[in-house]
Amino acid sequence: MLETPRLILRELEDDDAPAAQVWESDPEVVRYQSTDVATLEESVAYIRQMKAESRLEPRSLYDLGVMRRADRLLIGRVGLRIRPEHREAELWFVFRRDVWGQGYAGEATRALVDFGFERLGLHRIWGDCDPRNPGSAQLMERLGMHREGHLRENCWLKGEWCDSWIYAVLDREWAMQQQTVAVDR
């Protein structure tokens, strides 16, 4: 479990599926994701699959629910899929639409990236997004991630070829950012 001033990041449970349905069944939220809208049964199956993967040793998956402290509402999830042989992980995030623009995604992903570097000893964390999804690109840039590439029509999703922007941050870059933040306080 990870905690921030406004959020608790925790393992997902089967009974989180109805709350997850708020974003998983919203076409606008899943518009740029590799998955389409999900049924409640699919949400339960996904959570069970993630729980099973999280129990593997060594652990290579952290898919955490994001809960607001104030009202204990599950508002999204963030995750890291680790490639231990390269000390790198892929970052992802998804949040219900009614909390977009309130800083929750940045707060949660910042905590998870910090966990990845500080506690898991990762060297590189990367993420990708569709260039038509400016919110995701801006979030990764606010995390200090650098756009490393633009893959053209690399993915067939929802009936069309899509591009991807690749972002990444290295452990030493993250450490320098954290020192700058500490000095600014």
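The values are calculated or read from the model by the stated rules, or taken from the named source; none is laboratory data. On a predicted model such as this, the values are computed, not experimentally measured, just so you know. Please note: Cβ atoms are built from the backbone with ideal geometry, for glycine as well, and neighbour counts cover all protein chains shown.
Tabulated data for the structure shown
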quantity: Candidate set: the stretch 108-144, residues that are touching a residue at least 60 places away in the same chain (Cβ under 8 Å) and basic (Lys, Arg); chosen: the one farthest from TRP161 (Cα to Cα); calculated: ARG110
quantity: Count - residues of the stretch 145-172 that are within 19 Å of GLN33 (Cα to Cα) and in contact (Cβ under 8 Å) with a residue 24 or more places away in the chain; calculated: 10
quantity: Some residue of the stretch 109-116 being surrounded by 14 or more Cβ atoms within 10 Å (Cβ to Cβ), in a helix (DSSP H, G or I), modelled with pLDDT of 95 or more and among the charged types (D, E, K, R); calculated: yes
quantity: Given (1) of a type in the set (Gly, Ala, Ser); (2) under 21 Å from LEU120 (Cα atoms); (3) modelled with pLDDT under 90, index of the condition ALA52 fails; calculated: (3)
quantity: Complete set of residues in the stretch 123-179 that are closer than 19 Å to ALA111 by Cβ and part of a strand (DSSP E or B); calculated: ARG124, ILE125, TRP126, GLY127, TYR167, ALA168, VAL169, LEU170
quantity: Unmet requirement for ARG87, which otherwise passes all of (1) at negative phi; (2) touching a Leu at 6+ places or on another chain (Cβ under 8 Å); calculated: (1)
quantity: Flag if ALA175 is touching a residue at least 40 places away in the same chain (Cβ under 8 Å) and among the aliphatic types (A, V, I, L, M); calculated: yes
quantity: Residues of the stretch 59-98 classified as among the aliphatic types (A, V, I, L, M) and more than 15 Å from the chain's Cα centre (by Cα), total; calculated: 2
